[in-house]
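K.L.:
Let me begin by handing over the structure; questions about it come next.
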Amino acid sequence: MTPRDAARAVFDAALRAGDVGPLVHRVLVVGAGKASGAMAAAAEEALGDRVADGVVAVKDGHLAPTRRVRLLEAGHPVPDRRGAEAARAIRDLAST
């Protein structure tokens, strides 16, 4: 391998490593708030199978039909234990 070939191989590897395409093919959905359940359902409808996973904290009674995004009911406007647990679940998913 010539120095030019080696340099080209390094350059090509750098371009492949910088390709952001694969990063946006799978989407994680996170959120919180009374409208976030409906927004999660809309995101699933718009993005389809590109939604890999999700966790959304919603106000009691504001669930929506979702397939991949877990909706976790919690107290609002007064925070409660369920809200803290939902926040941890959102953090854990986002950290992946």
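The values are calculated or read from the model by the stated rules, or taken from the named source; none is laboratory data. Since we're looking at a predicted model, the values are computed, not measured. With ideal geometry, Cβ positions are generated from the backbone for all residues, glycine too; neighbour counts draw on all protein chains shown.
K.L.:
Filter region 5-47 down to the residues that are at pLDDT 95 or above and not hydrophobic (A, V, I, L, M, F, W, C) and list them by number.
P.N.:
Within region 5-47, 31, 36, 37, 44, 45 qualify.
K.L.:
Another question, then. From the set of residues in region 11-65 that are of a type in the set (Asp, Glu) and surrounded by fewer than 16 Cβ atoms within 10 Å (Cβ to Cβ), which is farthest from residue 95 (Cα to Cα)?
P.N.:
Step by step, filter region 11-65, then rank; the result is 12.
K.L.:
Taking only region 74-88 into account, find how many residues are crowded, with 16+ Cβ neighbours inside 10 Å and either part of a helix (DSSP H, G or I) or on the phi > 0 side of the Ramachandran plot (or both). Let's see the steps before the verdict.
P.N.:
First, the residues of region 74-88 that are crowded, with 16+ Cβ neighbours inside 10 Å: 74, 76, 83, 86-87.
Still in the list and also either part of a helix (DSSP H, G or I) or on the phi > 0 side of the Ramachandran plot (or both): 83, 86-87.
Selection size over region 74-88: 3.
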